[in-house]
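Step one of this worksheet: look at the structure below.
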Amino acid sequence: MKRRDLTGLIAIAAIAMVVVLAGCVETEEPAPTNATTAPPITYTPTSEPTVTPTTTLTETSTPTPTPTPAIAITAPDDGDKAPEEMTGTFVLQVTDQPSAIDDFDSLNVTVSEVRLHKAGNETNETGEWMILEPSNQTFDLTKLQDGNMTTIVNESIGTGEYTQVRLIVESTEGRVDETMLDVAVPSDTLKIVKPFTITENQTVTFIFDIHVVKAGKKYNLVPVIGKSGVVMK
């Protein structure tokens, strides 16, 4: 091969190499430019809040309360008076039916008090006891026979239903020919359970019958329920 031909081939190969290399190199395109340039963003620093110092609380004296004026209570007029409780009259009489009383020349009984039981109601289911003081505390049972009686209570009490009468016996004194006889009262109480009613402005008379019962050489006072109760008029 001639030298001229070799040189031509080398030149051709060099050109081809340049072309190949030129295709492999990427041309960096310039960044697109907007027609209108956006203004730069401006950051305005936020001012920190101003803290107002808290006012120091100072202790003050507590105000003295003004006293409330007292309420004057005046007596009600006659038209404002509370209604008075309705009452009736209770009369208690004592008698003695013939029994061992004939063994005595005298038999004095002393009653310290009379108790009445008033029946219960809606506000007081158990009821209540009323205590009365006898006007005639001591009586001789030997004198209270054949329908004779003695009144030991005559008082005004509240109206209503009553269920029981009790005599609280303080002492007894029986004598025969100047000799003392022992007369006992169980529990020192003579009791009669028999209901009666006190009505307004009416008088109720209750007869309390007492027997003297002999037991061996001793005597007991006992109430006679069957013959006791309210006298019907």
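What follows is calculated from the coordinates using simple rules that are stated; it is not laboratory data. Only a predicted model underlies this, so the values are computations on that prediction, with no experimental measurement involved. Using ideal geometry, Cβ is built from the backbone for each residue, glycine included, and neighbour counts are taken over all protein chains shown.
Here are some notes:
- Residue ranges 158-169, 218-229 sort as 158-169, 218-229 when ordered by packing (mean number of other C-beta atoms within 10 Å per residue, highest first).
- Under-20-angstrom lysine pairs by C-alpha in the stretch 105-230, whenever the two are 8 or more apart or on separate chains: 8
- For the stretch 105-230, the Kirkwood estimate of hydrodynamic radius, built from reciprocal distances between every pair of different alpha carbons, is 15.8 Å.
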